[in-house]
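Written below as structure tokens is the structure these notes are about.
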């Protein structure tokens, strides 16, 4: 039963049942109820005492300093017929930051991440297909002309055709007078598909996600890694010839508790371009 007898002006009575808990992401939260006269609650002193962001040890001096990192996140004031207030206060926070080490690349021991892997399909140009990449430079150049609309092909002969000003076709030739022909490896199949307008394909994509909580938001050093090749924390799969890039970063703040979500995306078979995405 709540303690409400003989309340005096300015008196705030904490109720039993303080049970702080740490969740699986590393953040802490707790709730506690307080009884007081309505006039006490409506005064500036108590309003400031339970203001959002106030340390729990300021709001409630009966709490051990061990939990001083908890801050007021939200509160509900319930007016009762007896002229009293039951104030339910929610505290959140963390005893540590998520990120440490050089440039914020390491997780602290108290940050307890959730890792998730998602397999997705994404639409890519056929020029990114492993079989296309395996063709020699000449055949890739020819197919690139088809993709760009510089010439066309006849599926019967699989030669590259240009167009005269009057619209009549002619076979494109190389510097030695030879016909430009889609004839090596898989180039003929690609030429047929491109001629039919099949210029993309569905490629598998893996996304590795990390979710954790701590007392600070993402730092500039952490955000600067967005769009760079990097190895995810945790235990992501390693695929020969592929690498990972940090492709997503989001943050949610509840009181003084920050939840951060980082996403890495696995490359196509040749890996993310080191020149463009190495960050150096």
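The values are calculated or read from the model by the stated rules, or taken from the named source; none is laboratory data. All figures in this text were calculated on a predicted structure; none of them were measured in a lab. All Cβ positions, even for glycine, are placed from backbone atoms using ideal geometry, and neighbour counts span all protein chains on display.
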Which numbered condition trips up residue 185, out of (1) crowded, with 16+ Cβ neighbours inside 10 Å; (2) under 30 Å from residue 151 (Cα atoms)? (1)
Only unsatisfied item for residue 253, checking (1) out of contact with any strand residue (DSSP E or B) (no Cβ under 7 Å at 6 or more places or on another chain); (2) assigned to a loop (DSSP other than H, G, I, E, B); (3) within 24 Å of residue 26 (Cα to Cα), is (2)
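Just wondering, is there one or more residues in segment 217-224 that are assigned to a helix (DSSP H, G or I) and modelled with pLDDT of 90 or more? I'd like the intermediate steps shown before the answer.
Here is the first cut: in segment 217-224, the residues assigned to a helix (DSSP H, G or I) are 220-223.
In the following step, the residues that additionally are modelled with pLDDT of 90 or more were identified as none.
So far as segment 217-224 goes, no, none of its residues is assigned to a helix (DSSP H, G or I) and modelled with pLDDT of 90 or more.
So how many residues does segment 220-272 have that are over 19 Å from the mean Cα position of the chain (by Cα) and touching a residue at least 24 places away in the same chain (Cβ under 8 Å)?
Taking segment 220-272 first, the residues over 19 Å from the mean Cα position of the chain (by Cα) are 238-242, 255-256, 268-271.
Adding the requirement that they be touching a residue at least 24 places away in the same chain (Cβ under 8 Å) leaves 239, 241-242, 255-256, 268-271.
Residues meeting the conditions: 9.
If you take the residues of segment 191-201 that are over 27 Å from residue 243 (Cβ atoms) and in contact (Cβ under 8 Å) with a residue 40 or more places away in the chain, which of them is surrounded by the fewest Cβ atoms within 10 Å (Cβ to Cβ)?
So the first thing to find is which residues in segment 191-201 are over 27 Å from residue 243 (Cβ atoms), and the list is 191-198.
Next, from what is left, pick out any that are in contact (Cβ under 8 Å) with a residue 40 or more places away in the chain: 191, 193-195, 198.
Numbers: 191: 24, 193: 16, 194: 20, 195: 16, 198: 11.
That would be 198.
Would you confirm, using the coordinates I've provided, whether residue 275 is free of Cβ contacts under 8 Å to residues at least 60 places away in the same chain, assigned to a helix (DSSP H, G or I) and over 30 Å from residue 50 (Cβ atoms)? Reasoning before the result, please.
Details: free of Cβ contacts under 8 Å to residues at least 60 places away in the same chain: yes; assigned to a helix (DSSP H, G or I): yes; over 30 Å from residue 50 (Cβ atoms): yes.
So residue 275 passes the test.
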Hey, among 76, 66, which residue is surrounded by fewer than 20 Cβ atoms within 10 Å (Cβ to Cβ), within 30 Å of residue 262 (Cβ to Cβ) and not assigned by TED's automatic domain parsing to the domain that holds residue 209? 66
Restricting the search to segment 149-168, which residues are farther than 24 Å from residue 125 by Cα and either at pLDDT below 70 or surrounded by 14 or more Cβ atoms within 10 Å (Cβ to Cβ) (or both)? 156, 157
For segment 123-142, indicate whether the set of residues that are in a strand (DSSP E or B) and either under 22 Å from the mean Cα position of the chain (by Cα) or surrounded by 13 or more Cβ atoms within 10 Å (Cβ to Cβ) (or both) is non-empty. yes
Residues (over 30 Å from residue 116 (Cβ atoms), surrounded by 15 or more Cβ atoms within 10 Å (Cβ to Cβ) and modelled with pLDDT under 90) located in segment 1-60: 4, 7
Identify, from the list 204, 240, the residue that is part of a loop (DSSP other than H, G, I, E, B) and loosely packed, with under 12 Cβ neighbours inside 10 Å. 240
